[in-house]
1. Could you identify the single residue in LEU72, LEU26 that is in a helix (DSSP H, G or I), surrounded by fewer than 20 Cβ atoms within 10 Å (Cβ to Cβ) and touching a residue at least 24 places away in the same chain (Cβ under 8 Å)?
2. Among the residues of the range 31-51, is any on the phi > 0 side of the Ramachandran plot and surrounded by fewer than 20 Cβ atoms within 10 Å (Cβ to Cβ)?
3. What's the total number of residues in the range 80-130 that are without any contact (Cβ under 8 Å) to a residue 24 or more places away in the chain and assigned to a helix (DSSP H, G or I)?
4. Would you mind telling me which numbered condition in (1) of a type in the set (Gly, Ala, Ser); (2) at positive phi; (3) touching a helix residue (DSSP H, G or I) at 6+ places or on another chain (Cβ under 8 Å) ALA12 fails?
5. Of the conditions (1) without any contact (Cβ under 8 Å) to a residue 24 or more places away in the chain; (2) surrounded by 15 or more Cβ atoms within 10 Å (Cβ to Cβ); (3) farther than 14 Å from LEU6 by Cβ, SER67 clears all except one; give me its number.
6. Count, please, the residues in the range 276-287 that happen to be at pLDDT below 85 and assigned to a helix (DSSP H, G or I).
Amino acid sequence: MKPITLAFAGNADVDAENIKALLNDLVGLGDEDADGIPEPSEREINLIFPVTRDHLTDGVENVLSWSEYADLPYVAVTDNKRSRAVEDVLSDADEVVHASNVTAGVIDLLKDADSRGEEVRVILLWGEEGGEQAELLLDAAEQAGFKAYDLASGLDDISFGDPEGEQAPEPEPEPEPEKPRRGSRRGRRNAEPEPMEPEEQPLTEDAPEEEKPKRRGRKQETHPVEEDIEQQVNRAAQKAQRETAPVEDKEVDLLLVRTALESAYAAFRLEDERNAVINQADVRERPLTELLRKALNTFGDDPKQPAKAPEKPEESEAEEKADETPRRRRGRPRDESKTYDFLEDEDGNLTRRGRGRIPRGTKVVKLTRAEAEEKGLEIESE
């Protein structure tokens, strides 16, 4: 009998006793002796395990326990990521192969075994939905031409094959039949096909066209200022060309320049006004808006003659009056008639009276603010 090589992957939870029964029968192990050790197979058995943190699932560890029970060596394919569980499995491996792509490394070993004339099988712990690592190995095995079997379903084939003895109906050219989902790949080849849903009839010319589903998400708010400036300029230039009489080429160029400047200035001015409303402040032109306004000053009604163009918007009368009105200080108006106490000594020197008793040889003099300021005396703030 020719040797057999098996590669394992998947995350389905398969009972250890079921694994033992299925794999013992597959590789030809005999009955167990009194110590629970099975009779060796007449075939040479080679096992391959992808060993990474993602591949070491509970089901794969049950298969590893079965290999220890059957006393079968295995080859481990791993990457550069390590963990305690990975190191334990690698330490028990007969050979360790390092590969940046672990799935591709497993397929390369299967191709080598196939070239030596060995029987090659991919054993997946697929279950109901499969798993990421099982799907990767299944896709790679199909491309390499190797069959895959589901250990969670009694080693059934995993394929897209048609039932034996039945001819699949030819698909209609339009619409194309939907590809089967990954979870539906499990099952025997002789299983009954799933009933196909009736195809929708193509729309006739009289039938209304089906409305395309609207894309979900928040509706984008638009503003006239946010419209592309180039589109505004082009639209204004086309309108000017339609409404004006034929002129010379130079005049057309000047007209287009003027139209472009007017459109750009209007857009940027509107943006400045909108920002002023948002910030609750006066309208202030940005440097670019002011530059466009100054550029327009070189054009008049006649594009060939420099003239006065849109000037900076004048402030309202209320704003002008507000600027002309002098600002008043906060607080109560100053009382010029109020008097302040000063002390005059024998030499006639005046000082601001403080708290406490009046020194001997001095007298109290009352002065208004104006009199104190005239004499150069300081009055402390009240």
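The values are calculated or read from the model by the stated rules, or taken from the named source; none is laboratory data. A quick note: this is a predicted structure, and the numbers were derived from the prediction, not measured. Every residue, glycine among them, receives a Cβ derived from its backbone with ideal geometry; neighbour counts consider all protein chains shown.
1. Values: LEU72 fails: in a helix (DSSP H, G or I).
Residue meeting the stated conditions: LEU26.
2. Yes, that holds for at least one residue.
3. Looking only at that region, the number is 7.
4. All conditions are met except number (2).
5. All conditions pass for SER67, except number (3).
6. Residues that pass the stated criteria total 4.
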